[in-house]
1. Between residues in the stretch 194-206 that are under 12 Å from residue 641 (Cα atoms) and residues that are open to solvent by 30 Å² or more (accessible area, probe 1.4 Å), which pairs lie under 6 Å by C-beta distance while being six or more apart or on different chains?
2. What do you reckon, is residue 164 over 27 Å from the mean Cα position of the chain (by Cα), open to solvent by less than 10 Å² (accessible area, probe 1.4 Å) and not assigned by the TED database to the domain that holds residue 476?
3. Would you confirm whether or not the stretch 180-189 contains a residue that is among the aromatic types (Phe, Trp, Tyr) and either under 19 Å from residue 97 (Cβ atoms) or open to solvent by 30 Å² or more (accessible area, probe 1.4 Å) (or both)?
4. Identify, by number, the condition in (1) acidic (Asp, Glu); (2) closer than 30 Å to residue 615 by Cα; (3) touching a Gly at 6+ places or on another chain (Cβ under 7 Å) that residue 804 doesn't meet.
5. Quick one: which residue in 95, 100 is out of contact with any Asp or Glu (no Cβ under 8 Å at 6 or more places or on another chain), within 26 Å of residue 638 (Cα to Cα), open to solvent by 20 Å² or more (accessible area, probe 1.4 Å) and aliphatic (A, V, I, L, M)?
6. Within the stretch 844-855, is even one residue surrounded by 20 or more Cβ atoms within 10 Å (Cβ to Cβ), assigned to a loop (DSSP other than H, G, I, E, B), at pLDDT below 90 and of a type outside the set (Phe, Trp, Tyr)?
7. Looking only at residues that are in contact with a strand residue (DSSP E or B) (Cβ under 6 Å, 6 or more places away or on another chain) and either among the aliphatic types (A, V, I, L, M) or assigned to a helix (DSSP H, G or I) (or both) in the stretch 80-112, which one is nearest to residue 204 (Cα to Cα)?
8. Residue check: is residue 617 within 30 Å of residue 581 (Cβ to Cβ) and of a type outside the set (Val, Ile, Thr)?
Amino acid sequence: MALLVWQLNKLYWTIFLNSVFTVLLFNGRLVVQSETLFYNSPLRQKLSLNTPNVQWALRRSDGAISVPGSVPGDVYSDLRQAGIIPDPIAEFNDVKTRWVANANWTYEAKFYVNHSAAQSSAAIDLVLEGVDTIGQVILNNRHLMASCDNYWREYRISVKSLLVVGENNLTVSLTSPIVYARQAAENYASKFGYPVPPDCPPLTYNGECYFNFIRKPAYSFSWDWGPAVPTSGLWREVYLDLYSGLAIDYVKFTASPSLDSSSNAWWAMATAGVKFGDRFDQKIGQVCIVAQIDELTESLKRCVKLPSETSPQPSIIDAAESNFTVDVRFDQIINPQLWWPNGYGSQRLYTLRVRLCLDGPDCRLLDNWETRRVAFRQVQLLQNSIGNELGQGLNFNLVVNNRPVFIKGSNFVPIGMSIPGADVSDYDWLMRSAAAAGINMLRVWGGGTIERAEFYDLADQLGIMIWQDFPFACALYPTDEEFLSTVRSEVRATVRRLQHRASLAVWVGNNENEGALANDWWSLWANRTERYYDDYRKLYMRLVRQQVVAEDSTRLVLLSSPSNGDATEWEGGIAHQPQSTLFGDVHFYSYTEDMWLPETTPLARLMSEFGFQSHPSLITVLSATRDPRNIGIDTNFTLHREHQPNGTLTIARHNARHFASQVPKWLIGVNDDVIGKLLVLNFSVPSSELKQLTDRLATYAYQSYASQIDQAEIYRRITHQHASNRCRLRSAANQARGLEGMSSGVMYWQLNDVWSAPTWSSIEVTGAWKATHYYAARYYANRGLAIALADSEQRIVEAFYIRDSNPNQRGSEQIEVRFDCYDVDSLARLNSWTIIKNSTSPNCPTELFRQSEADLLKRCNCSLASNCLLEAKLVTNWNRQNGAEPDVQPEQYYFDVPKNFKRLKSPSLSVDVTKISQQQFRIDLTSGQTTLYAVNLQFLCPWLTRAVLSDNAFHMTAKKRSLELLVPAVGDSRSAKDIKECLLVHFL
């Protein structure tokens, strides 16, 4: 895992936002503008209203509260900054601060405009890039529009005639999202005669109702993994846009390979949308778009004659509309460097620059350069027949640059409850953590948001493909013209903003709404069923998909996830069985069956959601409460945060299938010193309670550890099950499921968290990696070994060698794998053998063996299944002549569950820490005479929540093991002793 360590060095790159300041004199007032927001050009200027010199105020509508405001920002964050409310995701504060979301709020600002700025530009627009969510905009006591009503729309308002030289007053009045959604739902049912479900979430969510009646992120009203914090605010930039009457509105980029595959040639085209200002000079005649790809092409110009009949823009300008578009087609580009997904090659990005100018020899500029980072890559999602009959299903294969790609993914939920409040470093940490674990696709889930630009920038740079849901989830939605109109603008603007992204792979209309209809989640009125079906088709087929296709013809648009893909289309947009494993993608969860068994989980063409909950680590829980008495899997604190009905009980019951429910005797007292010191230093704990609280926290730390290992094992087994069946149909005695297989990948639910709670995540809200994330770094590796139970009834075991295609690594390779059998208790090696095979396909697994457990136990010379371990190691590959060996982790197979291990003596583990450099340490582990199951190290100091080990949550079959530890940069130097005093150790 040394490679992982060096990859993770990138996680600690400090982000410096260097701004050069320009000083302007506005009516004798000194105004400082950041050059990153103020483009000082005679043609176009963007005057930010987010600078420290524009003082925003936040006021509750009744005047009882008035505090400084921030833009971008939100009401919760501003009130917390002012000391009015506590952190809404700590303690029980999500409920205690709910009054904030039930109130109406107003943001107000004063800004100054001098005579020159007011008169020099033909057009001046006030631009609000993101309003959360229902708002009235007032400039100098003039209402500018009926209402803002959509979180994802940009509002652009012509204000040149309304500005005054000197002081101007801007007010944005925001309506309570809770009150608005409730009133909208009631009005809709009254007007159209039928409800649009759901109404309210389960009581365990502590949430709010009717999220489907307001166009803002649904999760903010609560979900099963997060609290209700329904924000209001100005969540993106606010500025004045001063331009000459013509300006570039958006830029798109399209690249496709030549039909002659041998030529290595690509065609490329830049598209610019151009808008007119409110005082546009129609005498201009012809304008030109100049485009170039800095590293590849010279400037190319295309000129067009302006429409003969034009009229000024209306005072309210739909930011999704442009007056005309201009395409610039580049000459054939020979052999550009291609962009590849993470693990399949490099991510070459090029700089596309586009500008607008007047026709003529000097091409006088009308606008500034618009710059985009673009790439050459082709993404296809192929759906071809598996057999001769439709009933045998379709495959669902992702192909990038003509190479099959096995999807190794996860689902991304919003970065926090306050999206504008998230730091760029938080995005950087999550995305680099995903890349380090081998993830090559993230599904941006439909109950969340269209993410900030920083997210997509990192995806482009790191090779993480994006499966982009539109923000509709687990609900039906209104379809009156007012709602459809705002969604139409939202979708169009979203596609235009993201279309050029190299990482963007697939558009999807919604999350689970097709399945909700087909499976009648809400017991809809029988005589209204067809009305709901019509509404669904109207919204997703006739609006969302049509708008996407009109703006982006290069990507597949799926109506829903899960969905049967093409087969759903054949059934009119709503499949009878949207969760069919023979088509498209599947979401799967089970909370009553044993998730370690292969028969429990269906084999999908693509498993785009699956998961199981685990408890957060002790340090993450302590970040959310100042009372250590809240710690425990059955406390009111934990139950308040466990939104999955009976979720804590479900975790405990499934853990009990495989792990001892009590702390093993060899772990009792092991972590007491570290925990006791933490309590003394950071909490006001009476000495009389210290021992009791130490025991409580130690018990929770073990239970959290066991739940995380259980979760990690579930994810590993489901991933291996799909990876080993990527090129074949399931071989099973159950013929009803015999057509399952031909898998194209998995995406576990979920990557990240918004608060400390039992959830399905692999990375906690503090940034700490769970055991699941370390597991993923092993099972998502480009080369790996897998040993898995394939049939629990017949007790059949399969072993595979898995490798994924890299464009520089082709052809067959010879591999040699050694299998060692160990006595679990004594570390004695019972038997060994090797298997040599030719791996001929770079995308299909190589089967090493398939045989019964009984035969394997005989071969291992092991008489007792509960005391036997089989380990596989890659000895050599690539015919021993292609340079350094890949870092392939050993794979272990236990013949019984951990709680049945026959321990004759208590296992032990000693830990030594050595400092290598300011941010790097070595941890040396030494065991006794036994194997150790799932050795897991956690850190109990806040400054180590984002520390990363070269490996963790691993099975130790040798007496010694060394790990590398990378720690975040901190102000003072930390010693090896500091690390050891923060270290918790668990193993079985």
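1. Taking only residues 6 or more apart or on different chains, the pairs are 204/645; 206/95.
2. Working: over 27 Å from the mean Cα position of the chain (by Cα): yes; open to solvent by less than 10 Å² (accessible area, probe 1.4 Å): no; not assigned by the TED database to the domain that holds residue 476: yes.
No, not satisfied.
3. The initial filter retains those residues of the stretch 180-189 that are among the aromatic types (Phe, Trp, Tyr), namely 180, 188.
Pick out the ones that are also either under 19 Å from residue 97 (Cβ atoms) or open to solvent by 30 Å² or more (accessible area, probe 1.4 Å) (or both) and you get 180.
Yes.
4. Of (1) acidic (Asp, Glu); (2) closer than 30 Å to residue 615 by Cα; (3) touching a Gly at 6+ places or on another chain (Cβ under 7 Å), only one is false for residue 804: (2).
5. On the way: 100 fails: open to solvent by 20 Å² or more (accessible area, probe 1.4 Å).
Matching residue, one of 95, 100: 95.
6. No: the stretch 844-855 contains no residue that is surrounded by 20 or more Cβ atoms within 10 Å (Cβ to Cβ), assigned to a loop (DSSP other than H, G, I, E, B), at pLDDT below 90 and of a type outside the set (Phe, Trp, Tyr).
7. If we filter the stretch 80-112 for residues that are in contact with a strand residue (DSSP E or B) (Cβ under 6 Å, 6 or more places away or on another chain), which is where we start, we get 82, 94, 103, 105-112.
In the following step, the residues that additionally are either among the aliphatic types (A, V, I, L, M) or assigned to a helix (DSSP H, G or I) (or both) were identified as 82, 94, 103, 109.
Numbers: 82: 31, 94: 13, 103: 24, 109: 40 Å.
Residue satisfying both the conditions and the ranking: 94.
8. Numbers: within 30 Å of residue 581 (Cβ to Cβ): no; of a type outside the set (Val, Ile, Thr): yes.
No, not satisfied.
The values are calculated or read from the model by the stated rules, or taken from the named source; none is laboratory data. Computed from a prediction, not measured in an experiment: that's the story for all the values here. Backbone-built Cβ (ideal geometry, glycine too); neighbour counts: all protein chains shown. Only protein heavy atoms, including side chains, enter the accessible area calculation; ligands, DNA and RNA are left aside. Shrake-Rupley method; radii C 1.70, N 1.55, O 1.52, S 1.80 Å.
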